[in-house]
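Notes to accompany the following structure.
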Amino acid sequence: MLKNIGLTGGIACGKNKVADIFHELGFYTIDSDVISRKVMEKGKIAYLKIVDYFGSDILDNNGEIIRKKLGSIVFSDKDKLKVLEEIVHPAIFDYEKKLRSQIYGKDDKAVIITHAAKMIESGSFSNYDALIVVTADKNIQLERLIKRDNITIEQAENILDNQLSNEERLKFADFIIDNSSDLDNLYIEVKRVYYLINQINYGIKH
């Protein structure tokens, strides 16, 4: 059965919107990016390890981690990025396990979609029953990224060039959702995968 499903995709592919639609259709969703902020809150285990390694210069006046400052440090140093990921990823996964246990405790037939940006890069995709990859045409990604973040095309291309390509991600996909078009088409794509998962799990015919 496919009850514990991962969802990932490149920047500006719309994975958060896809997760929202799955939630509307009746699946439970867990946002790993939200959890990453939680495990880095002041006093949490990941927080203590991060401050111990990176020092107090990354903290604001309230002692909370300035995520942008930390990001600028690791963005230009792959060794430091690796250290950060080795601290944060296990803490995120432990938190997610607790959330899933709570959900399954209330609904033993629950299908849970966990979405994260670096699910393939971190290797965490192997923790799921199946992986959904959201993709989009590269030119569409660039357009959305430029508009969303108010950046130049050169900056947008640099961001995409520093990520896995869509082609590389698709090698790991059990299900593919193409978000190269409009919202109406995205709903159709997500519903198609939603029905496929239900058919595999419960033999529901639509």
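Of all residues in the stretch 57-96, those satisfying the criterion of being polar (S, T, N, Q) and open to solvent by 80 Å² or more (accessible area, probe 1.4 Å) are Asn61, Asn62, Ser76. Would you mind finding the one in Ile197, Ile146, Ile176 that is open to solvent by less than 60 Å² (accessible area, probe 1.4 Å) and closer than 27 Å to Phe27 by Cα? On inspection, the qualifying residue turns out to be Ile197. Of the set (1) aliphatic (A, V, I, L, M); (2) in contact (Cβ under 8 Å) with a residue 40 or more places away in the chain; (3) loosely packed, with under 14 Cβ neighbours inside 10 Å, all apply to Val34 but (2). Evaluate the stretch 67-86: report whether one residue or more is touching a residue at least 24 places away in the same chain (Cβ under 8 Å) and in contact with a Lys or Arg (Cβ under 7 Å, 6 or more places away or on another chain). Within the stretch 67-86, not a single residue is touching a residue at least 24 places away in the same chain (Cβ under 8 Å) and in contact with a Lys or Arg (Cβ under 7 Å, 6 or more places away or on another chain). Residues that are open to solvent by 40 Å² or more (accessible area, probe 1.4 Å) and in contact (Cβ under 8 Å) with a residue 24 or more places away in the chain were ranked within the stretch 42-56; the one that is farthest from the chain's Cα centre (by Cα) is Tyr53. Among the residues of the stretch 15-45 satisfying the criterion of being of a type in the set (Gly, Ala, Ser) and modelled with pLDDT of 95 or more, which is nearest to Leu70 (Cα to Cα)? Of everything passing the filter in the stretch 15-45, Ala19 is nearest to Leu70 (Cα to Cα). The residues of the stretch 152-182 that are in contact (Cβ under 8 Å) with a residue 60 or more places away in the chain and part of a helix (DSSP H, G or I), listed by number, are Ile159, Leu160, Asn166, Arg169. Only residues that are open to solvent by less than 50 Å² (accessible area, probe 1.4 Å) and either touching a strand residue (DSSP E or B) at 6+ places or on another chain (Cβ under 6 Å) or hydroxyl-bearing (Ser, Thr, Tyr) (or both) were counted in the stretch 128-143, giving 7. Flag: Tyr187 does not match the condition of being among the hydroxyl-bearing types (Ser, Thr, Tyr), surrounded by 19 or more Cβ atoms within 10 Å (Cβ to Cβ), touching a helix residue (DSSP H, G or I) at 6+ places or on another chain (Cβ under 9 Å) and part of a helix (DSSP H, G or I).
The values are calculated or read from the model by the stated rules, or taken from the named source; none is laboratory data. Computed from a predicted model, the values in this text were never measured in an experiment. We place every Cβ from the backbone using ideal geometry, glycine too, and count neighbours over all the protein chains shown. Please note that ligands, DNA and RNA were not included when accessible areas were found on the heavy atoms of the full protein model with its side chains. Shrake-Rupley method; radii C 1.70, N 1.55, O 1.52, S 1.80 Å.
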